[in-house]
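One structure below.
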Amino acid sequence: MGITARGAGLLVAAVVLLVAGFRFAYPELTLLGAAAGAAVGYAALVAAWRPRLTVTRRADPDRVARGEPASMTLTVRNAGRLRSANLLAEDRCGDRSVPVPVLRLRPGRDTEVRYDVPTHRRGVVQVGPLRVTRRDPLGLVALARPYGASVPVWVHPRVHPLTAVPTGAGRSLDGRRDGVPHGSITFDSLREYVVGDELRRVHWRTSARVGELMVRENVDTSLPRLVVLLDNRAAAHPHRSGAVAESFESACEAAASVVTAAHRADLPVLLLFVAPEPTPPGDTESPDGEADANRALGPLDRLAAAELSAGAGTVQAATTRLRQDRLGDTLIFLTGPGGRDELGHVGALRGAYPSVVVGVFGATEPTPPGAAGLVVVDAADGAQFAAEWDGVRRW
């Protein structure tokens, strides 16, 4: 509860009048002081009354790419029996406030407001809760309360179309590696024939033994497996424009483009970060400091919530884990100008990952040719990285 400047002045006047009235035996001053104090007390009781409001909100849509339009529809309903007079309300949308008309909202009625959500920057825009301020008729006391829960709007990085995704690496028993754009086919199991199956897949020997048609089920054992490693260390992106590191924003766009292209081609892809990821909205951290829900979120949501970290996390530690786990056969490392000194650790992964490509964003000078023996793409932004992708996609 907050007392306004008018209420504070009246309360001080009440105290002065009461003291003067009792001290100098002036009943008129005592009566005026008591009336002023009673007015402040009545104002506090009026402001303390809690109106019964139900708040619902709907984001349309709740996930957008950077720059795409998104809106929030907020509905406030008076669920009480008394008119909720003298109410002021505002909704929180990111770092700005949106006024909501709830003044003199009648019982059983509702009011609806629709406004645009800012999507000019990648991130998670928290919308809400609604803040309702109750005032007394004299404006002596004001009490603000939150109503409803907050809703996140996920602003994903821009996705630039890629012409192709990397080819797979098929390994044979004699140690050779062959490029297999769609993997290799290996027998997996038998199942009953269904209408539409190709007759060349029928296993006639088993069919004759069991008395019904059986077909072979094959599995693709060497689909290209992509690992995208995003350098989210603050040291890797030292240049700032205001409070934004444009090189990191470009790296996020490149990561989103690679992940989206892989999903459209039905290829497995894994998104990793050099530094620990931040806790997503509404979730708690695990004992080791990593958000438990990060793995449940989609890669684009994780990229929307990604932030630069000035603490733990090194490229050497990340590459050590990649070497031990061998999570794929194609590694894409995306970093800023401050990460070029760490390319030696990435180059050491060429034995574990047949294809390794590095994207460096925001560098004022091109990376020296053959740095750490890697294929390096110097790009000003995500669009340039996508444009140069076709020249390096066959590694």
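The values are calculated or read from the model by the stated rules, or taken from the named source; none is laboratory data. The shown structure was predicted, so the numbers you read here are calculated from the model rather than taken from an experiment. When we count neighbours, we look across all protein chains shown, and the Cβ atoms used for this are built from the backbone with ideal geometry, even at glycine. Remember, those area values only see protein heavy atoms, side chains included, never the ligands or the DNA or RNA. Shrake-Rupley method; radii C 1.70, N 1.55, O 1.52, S 1.80 Å.
Miscellaneous remarks
- Heavy atoms of the protein chains alone define the surface here; on that basis region 37-134 has 54 Å² accessible area per residue at 1.4 Å probe size.
- Rg over Rh for region 7-154 works out to 1.21, using Cα positions for both radii and the Kirkwood form for Rh.
- Trp49-Ala144 FRET efficiency (beta carbon distance; Förster radius 22 Å; 0.05 resolution): 0.95
- Cα-based radius of gyration for region 41-128, normalised by 2.2 N^0.38 Å, reads 1.30.
- Surrounding net charge for Leu230, when Lys and Arg each add one and Asp and Glu each subtract one, Cβ distance under 12 Å: -3
- Neighbour net charge for Leu308 - beta-carbon separation under 13 angstrom, K R +1, D E -1: -2
- Chymotrypsin sites (Phe, Trp or Tyr not before Pro) within region 1-64: DSSP coil, no more than 16 neighbouring Cβ in 10 Å: Trp49
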